[in-house]
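Written below as structure tokens is the structure these notes are about.
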Amino acid sequence: MVRRPALVAGTLLLVTGCAGQVAVQEFPVVGATGIGDDYYPGDGNGGYDVERYDLDVGYDPVTDELTGTALVTADTTGAPLRGFSLDLVGLEVSSVQVDGSEVTTTRDGDELVVDPGQVVVDGRFTVQVEYAGVPEPVRDGPGTSGVVPTSDGVLVVGQPDVAATWFPVNDHPRDAAAVQLSVTVPEDLVAVSNGTLVDRGDPVDGERTWVWRSDEPMAPYLLTLAVGDYDLTEREVDGITYRDAVATGLSDRRAGNARAALERQPEVVDFLAGVFGSPYPFTECGAIVTDSSLGFALETQTRPIYASDFFGSATGAELVVVHELAHQWTGDDLRLDRWSDIWLNEGFATYAEWAWTEAQGGETVADQLAAVLEQPADDPFWDQAIGDPGPATDDLFSGAVYVRGAATLAALRAEVGDEAFDELLSRWTTDRAGQAVTTPEFADLAAEVTGTDLTGFFDEWLGAGKPA
Ligand code: ARG
Ligand code: ZN
């Protein structure tokens with residue numbers, strides 16, 4: 001893909017007026033076409049930060065066509081911008097307005113570039129984009145993800161890339177934003193997304209508009225959508241609203257395992273609040289259980305989405321729910337500042353599974369750690385540096401990232417003791433709530449909480465090779 005060179009924001013000092021009066025003005029610049037993540041140089045953009053997305057989309061399950069209007073409200077983060085870009089993969093753009101004025105744009109690979117020199121934005125600004133088309137699938141290891149058509153509707157699920165395949169976006173977890181999604185689909189289908197259900201609309205001309213809203217900022221890839229035949233239920237427990245959507249087409253066995261696991265969500269949330277030492281970060285919760293075999297589940301904020309594959313057994317069902325709900329703390333509320341730190345998501349969520357298993361009277365965390373350490377040093381399992389696993393999805397989400405990531409935490413707990421470990425997780429999820437985080441920040445906090453230099457520990461556990 002061709003990328004424009006990143007232009008660095010510059011400051012020009014303009015000294016004007018009579019003696020004593022100095023006005024400092026910044027020279028307008030063109031925002032970079034990437035946010036600056038080495039793994040995915042084109043993801044995200046420079047020069048602004050999105051405050052909210054108001055998306056109004058229609059989906060036709062017969063043609064798979066998406067039509068949308070996206071209103072992006074953002075703030076410049078440095079110098080005023082005389083040009084900038086959004087991420088958008090494929091799709092036809094018919095109109096773009098910046099602060100209400102029509103502008104011309106250029107498509108350059110996966111960038112939608114607002115041609116420089118038409119407007120200058122400084123502080124809060126809006127971009128409204130009208131677009132349509134059939135979203136391109138995302139290549140993901142051996143399969144595909146992204147906007148995935150199903151027999152009766154569609155699923156939107158992917159990591160790290162999905163958002164830009166269905167709306168113009170600053171597509172990097174570093175830039176979380178509030179979202180309102182209005183989605184119009186045939187009236188006999190259910191449309192489920194994150195957050196709270198604002199409106200399920202009345203049928204008009206055979207269609208219905210569902211409105212979902214997430215006020216707590218979320219990373220763009222965490223926005224999901226499932227359209228199809230779902231049984232949607234709602235209940236409130238301890239001030240948290242649980243909305244579960246279970247595909248009606250599931251086999252009885254899978255549906256039974258799913259229902260039993262979802263029933264336990266409040267208990268899981270309670271348990272995880274104990275593990276992380278901080279309350280559940282949101283007021284909405286729940287699940288989308290699809291009848292599609294995507295091969296993975298995703299921690300879509302407040303409402304994880306699950307492939308049917310996970311519900312073959314009762315224990316498998318329970319563990320995947322524990323895993324995805326754990327991500328609500330580590331992955332969603334605390335989000336990645338750069339994708340190379342993925343173990344901060346997957347290692348922590350897997351550790352939570354281990355802790356749950358122990359609490360249920362199963363294998364202890366110590367035993368799980370011991371089992372990992374039984375892998376011989378020449379096993380390829382130890383080859384990857386899990387603290388810098390590489391950008392291919394197979395590497396980013398390798399078994400080693402999950403299991404050795406969890407083992408890193410289990411080993412840390414053994415090293416520093418339960419009390420210091422609990423304090424560390426509690427400080428991590430409390431002090432850094434709602435922020436983008438990095439591995440060095442976690443290591444620094446660990447050193448602060450324990451009063452020990454743990455640089456060697458993390459280098460050994462997150463690097464390639466079996467720890468001594
Ligand atoms: N974060 C997801 C989970 O652990 C897995 C996502 C796998 N992603 C992928 N692109 N294959 O639950
Ligand atoms: Zn995970």
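Numbers at a glance
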{"read-out": "Cβ-derived FRET efficiency at R0 25 Å, Asp379 paired with Arg139, nearest 0.05", "value": "0.30"}
{"read-out": "Segment Ser251-Asp215, length gained on full extension (0.36 nm per residue, minus Cα span)", "value": "9.5 nm"}
{"read-out": "Theoretical FRET efficiency, 1/(1+(r/R0)^6), r = Cβ-Cβ of Glu358 and Leu232, R0 35 Å, to 0.05", "value": "0.55"}
{"read-out": "Simple label model, 7 Å out from Cα along Cβ direction - Asp459 to Ser95, nm", "value": "5.9"}
{"read-out": "Ala366/Thr315 FRET efficiency (R0 30 Å; Cβ-Cβ; nearest 0.05)", "value": "0.90"}
{"read-out": "Added length on full extension, which subtracts the Cα-Cα distance from 0.36 nm per residue, Thr63 to Val204", "value": "48.8 nm"}
{"read-out": "Interchain or long-range residues, amide H under 5 Å from Gln25's placed H", "value": "Leu14"}
{"read-out": "Per-residue [θ]222 nm for the chain (sum of -39500 (n - 2.57) over DSSP H runs n ≥ 4, rounded to 500)", "value": "-8000 deg cm²/dmol"}
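Laboratory data are not the source of any read-out in this text; all were calculated from the coordinates shown. Predicted model, so just to flag it, every value in this text is computed and none were measured. Here the Cβ is made from the backbone with ideal geometry for all residues, glycine too, and neighbour counts use every protein chain on show.
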